[in-house]
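K.L.:
Submitted below is the structure of interest, expressed as structure tokens.
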Number of protein chains: 2
Amino acid sequence: MASDQNTASAPRVRIPEATIQRLPVYLFRLQALQAHGIKKVCSRELADELKISSSRLRHDFHYFGSFSRPGHPYDVEPLIARLRDILVLSEPIDFIIAGMGNLGQAMATYAQFEQDGFRLVGLFDINPKIMGLNFRGVTVQDLEMLPDLVRARHVPLGVLTVPASAAQSVADLMVDAGIRGIWNFAPINLKLPANVVLHDEFLSASIMSLSYKMKTMLGSNGGRRDSGA
Amino acid sequence: MASDQNTASAPRVRIPEATIQRLPVYLFRLQALQAHGIKKVCSRELADELKISSSRLRHDFHYFGSFSRPGHPYDVEPLIARLRDILVLSEPIDFIIAGMGNLGQAMATYAQFEQDGFRLVGLFDINPKIMGLNFRGVTVQDLEMLPDLVRARHVPLGVLTVPASAAQSVADLMVDAGIRGIWNFAPINLKLPANVVLHDEFLSASIMSLSYKMKTMLGSNGGRRDSGA
DNA sequence: TAGATTGTTAATCGATTAACAATC
DNA sequence: TAGATTGTTAATCGATTAACAATC
């Protein structure tokens, strides 16, 4: 009996966070290749395009077993299927959005999520002017209705696009209703039970770290505004 | 203690990417503490709140010199000023947005950026129905006008919220006009000159890695089915 | 002062890269 | 087959954590 770990959903070792975050990037690139009619790709080509080493790519794949046979490049189509299988459940994952300001509306209308295996099932806000609006076939309801929907449909995933001041209490609402993962856009460090997955998306932090990189790239003295000593 | 040793822009060694991405998070938490009237904070407290080790926090700070004196906790106000100085230039950084779909509109109306030292100076799209709309005092113009504005005002930063199919060509437009950094939301690997800073924000990748984590958590700790309804 | 807590170096840990055997 | 390229382990590199001297 050799090592037959070709079951994608049950890797034996803990997968590094860095690897997990690269898997969707592999997937997107492969989908783009497929759209161009490309059937096969070797680790070197794919890695070059993503500006990583081929070694790293094969190492990442290796956590989940084997994806081809030595001497042969990867077949694009089954590789896509395999990655999709690793990343998402076979049936769509239901999600709700709390906070239908501009960011919430953008998330509600972002079509890509649907293609990636996520299904929008609820939108919530406290602003009466926003309640009743319809996005992609889903009507914005009062935030008070959130727990009922989450319980009734066993919604596993919540997107949190409320103001920072409300984020913790709305997160608590989600957790109490049984949500299993929160995608948080509020710039605040939420306190959640250990069994709820939290993924922070701090857009302001993102633009600030970009700003830092631009600043350092400008020059060794930090740019033209260097106040004379 | 005004600005005597604020040589923040000239650290001696290369700063790890991970450290750079934590700096804004420190800043946000400190601003929240300040809003609550808290004047001093020690590395242990601040780190605990952010779920990192105090050692890591002090190590991060140490890249930029000294922030207090042994035996004394950090003063919140000067620490905020110091971090802001490290992360952004003292005067606001001008930025433009290309692609005024839902995500572009959300970025245009996100007030936080202004507080963090960024100034919206241009909005662009190719859709005639969107041109002429006004967001935060800025009118959406034809994409063709982008190079002129970037050149005229020396705009350093561009936000790319166009569809993936258009992303590379619009990025080229920005780069040719002299932009220095691109914040890219299109799920595609842009090819840019080495002197232009690229920061990818792959939202779909984010939700998929969150999905993976939820999936593995369901399998591994299996115990908690549902909190006793 | 003495206790507290930073600044700073050393030890540990984990992730990336290199190398090559396996093998189609 | 022979060349190509994966799968897989070992070596290297970098980041995190631990420890404690410095010192206010």
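K.L.:
Based on other C-beta atoms within 10 Å, arrange B:THR109, A:THR161 from fewest to most.
P.N.:
B:THR109, A:THR161
K.L.:
Can you tell which of A:GLN105, A:GLN168, A:GLN34 shows the greatest fluctuation in a Gaussian network model of chain A with Cα springs below 10 Å?
P.N.:
Judging by the Gaussian network model, the answer is A:GLN34.
K.L.:
About its Cα centre, what dipole magnitude does the protein assembly as shown give when the only charges are +1 on Lys and Arg Cβ and -1 on Asp and Glu Cβ, stated in debye to the nearest 20?
P.N.:
Dipole size: approximately 1160 debye.
K.L.:
Can you pull the mean other chain C-beta count within 10 Å for peptide B:177-189?
P.N.:
Numbers: counts 0, 0, 1, 5, 7, 2, 5, 0, 3, 0, 9, 3, 7.
What the average comes to for B:177-189 is 3.
K.L.:
Rounded, prolate or oblate: which fits the range B:14-86, taking a ≥ b ≥ c as square roots of the Cα gyration tensor eigenvalues, rounded meaning a/c under 1.5, else prolate when a/b beats b/c?
P.N.:
Rounded is the answer for the range B:14-86, as its axis ratio a/c remains below 1.5.
K.L.:
The range A:23-96 to the range B:141-180: how many Å between their Cα centroids?
P.N.:
31 Å
K.L.:
If you don't mind, there's one more thing I want to ask. Taking a label point 7 Å out from Cα toward Cβ, give me the nm distances from B:GLN21 to the same spot in the other copies, shortest first, one decimal.
P.N.:
Here the equivalent label points are 0.2 nm apart from this one.
K.L.:
Please determine, in degrees from 0 to 90 and to the nearest 10, the orientation of helix B:203-220 with respect to the longest principal axis defined by the Cα atoms of chain B, where the helix direction is its Cα long axis.
P.N.:
Around 40 degrees separate the two axes.
K.L.:
Measuring from label point to label point, each 7 Å out along Cα→Cβ, what is the B:VAL13 to B:HIS72 span in nm?
P.N.:
That separation, rounded to one decimal, is 2.7 nm.
K.L.:
Can you tell which of A:SER90, A:SER66, A:SER209 shows the greatest fluctuation in a Gaussian network model of chain A with Cα springs below 10 Å?
P.N.:
Of A:SER90, A:SER66, A:SER209, the Gaussian network model singles out A:SER209 as fluctuating most.
K.L.:
So, one more: Give me the percent of DSSP beta bridges within chain B that run antiparallel, rounded to the nearest 5.
P.N.:
Roughly 15 percent of the beta bridges in chain B run antiparallel, per DSSP.
K.L.:
Using a simple charge model, +1 on the beta-carbon of Lys and Arg, -1 on the beta-carbon of Asp and Glu, nothing else, what dipole does the range B:68-221 show about its Cα centre, in debye to the nearest 20?
P.N.:
400 debye
K.L.:
What distance in nm separates the simple spin-label points at A:ILE130 and A:GLU45, each placed 7 Å from Cα in the Cβ direction?
P.N.:
For the pair A:ILE130/A:GLU45, the computed spacing is 4.5 nm.
K.L.:
Which net charge results for the neighbourhood of B:ILE126, defined as the other residues with beta-carbon distances under 13 angstrom from its beta-carbon, given Lys and Arg at +1 and Asp and Glu at -1?
P.N.:
Numbers: positive: B:LYS129; negative: B:ASP125, B:ASP142, B:GLU144.
Taking every Cβ under 13 Å from that of B:ILE126, the sum is -2.
K.L.:
Something else about it: From the phi of every residue in the range A:51-57, what ³J(HN,Hα) in whole Hz does the Karplus formula 6.51 cos²θ - 1.76 cosθ + 1.60 yield, where θ is phi - 60° and glycine or proline is x?
P.N.:
6, 10, 7, 5, 4, 5, 4
K.L.:
Next question, about the same structure. Counting Lys and Arg as +1 and Asp and Glu as -1, what is the net charge of the other residues whose Cβ lies under 13 Å from the Cβ of A:GLY137?
P.N.:
Details: positive: A:ARG119, A:ARG136; negative: A:GLU114.
Around A:GLY137, the surrounding residues sum to +1.
K.L.:
With a 10 Å cut-off between alpha carbons and a GNM built on chain B, which of B:GLU144, B:GLU17, B:GLU201 moves the most?
P.N.:
B:GLU17
K.L.:
Would you grab the residues whose amide H sits under 5 Å from the one on B:ILE97? Only those 5+ places off in sequence or on another chain, please, with H modelled 1.01 Å from N.
P.N.:
Close amide H contacts, sequence-distant or interchain: B:GLY122, B:LEU123, B:PHE124, B:VAL159.
K.L.:
Using the Karplus equation 6.51 cos²θ - 1.76 cosθ + 1.60 (θ = phi - 60°), what ³J(HN,Hα) coupling, rounded to whole Hz, does each residue of the range A:65-82 give in order, writing x for Gly and Pro?
P.N.:
In residue order, the calculated couplings are x, 10, 10, 7, 10, x, x, 10, x, 6, 7, 4, 4, x, 5, 4, 4, 5 Hz.
K.L.:
To continue, here is another question. Hey, what number do you get for chain B at 222 nm if only DSSP H runs of n ≥ 4 count, each worth -39500 (n - 2.57), divided across all residues, to the nearest 500?
P.N.:
-13000 deg cm²/dmol
K.L.:
Karplus couplings for the range A:107-119 from phi (6.51 cos²θ - 1.76 cosθ + 1.60, θ = phi - 60°), rounded to Hz, Gly and Pro as x?
P.N.:
Each residue of the range A:107-119 in turn: 5, 5, 9, 6, 5, 3, 4, 4, 4, 8, x, 10, 10 Hz.
K.L.:
When only Cα pairs under 8 Å and 6 or more residues apart are kept, what is the percent relative contact order across chain A?
P.N.:
Values: 301 pairs, mean separation 29.4, N = 229.
13 percent.
K.L.:
If Lys and Arg each add +1 and Asp and Glu each add -1, what is the summed charge of the other residues whose beta carbon sits under 15 Å from the beta carbon of B:LEU173?
P.N.:
Combined, the nearby Lys, Arg, Asp and Glu give -3.
K.L.:
For B:LYS129, give me every one of the lysines with a C-alpha distance below 27 angstrom, ignoring sequence neighbours fewer than eight places off in its own chain.
P.N.:
Cα-Cα hits under 27 Å: A:LYS129.
K.L.:
Same structure again: Relative contact order for the range B:6-137: what percent, with Cα pairs under 8 Å and sequence separation of 6 or more?
P.N.:
Relative contact order here is 23 percent.
K.L.:
Can you list the copy-to-copy distances for B:PRO78, using a point 7 angstrom from Cα toward Cβ, in nanometres, shortest first?
P.N.:
6.5
K.L.:
Further question: What is chain B by shape, rounded, prolate or oblate, if you read a ≥ b ≥ c off the alpha carbon gyration tensor as root eigenvalues and call it rounded for a/c under 1.5, prolate for a/b larger than b/c, and oblate otherwise?
P.N.:
oblate
K.L.:
Take peptide A:29-37, look around each residue's Cβ out to 10 angstrom, count Cβ atoms belonging to other protein chains, and average those counts.
P.N.:
For this peptide, the per-residue mean of nearby foreign Cβ atoms is 1.
K.L.:
Checking the a/c ratio against 1.5 first, then a/b against b/c, what shape does the Cα gyration tensor give for the range A:93-205?
P.N.:
rounded
K.L.:
Work out the length of the dipole vector of the range B:128-195 about its Cα centre, built from +1 on the beta-carbon of each Lys and Arg and -1 on the beta-carbon of each Asp and Glu, and round it to the nearest 20 debye.
P.N.:
Dipole magnitude for the range B:128-195 comes out near 220 debye.
K.L.:
Oh, and also: Would you mind calculating the relative contact order of the range B:14-86 from Cα pairs under 8 angstrom and at least 6 residues apart, reporting the percent as a whole number?
P.N.:
Contact order relative to length: 39 percent.
K.L.:
Nearest 5 is fine: what % of DSSP beta bridges in the range A:32-125 come out antiparallel, could you say?
P.N.:
25 percent
K.L.:
Continuing with the same structure: Tally the DSSP beta bridges in the protein assembly as shown and give the antiparallel ones as a percent, rounded to 5.
P.N.:
Given both bridge residues lie in the protein assembly as shown, the antiparallel proportion sits at roughly 15 percent.
Just so you know, all these numbers are worked out from the coordinates, no wet-lab data involved. Bear in mind that the values here come from a model prediction, so they are computed numbers and not experimental data. We place every Cβ from the backbone using ideal geometry, glycine too, and count neighbours over all the protein chains shown.
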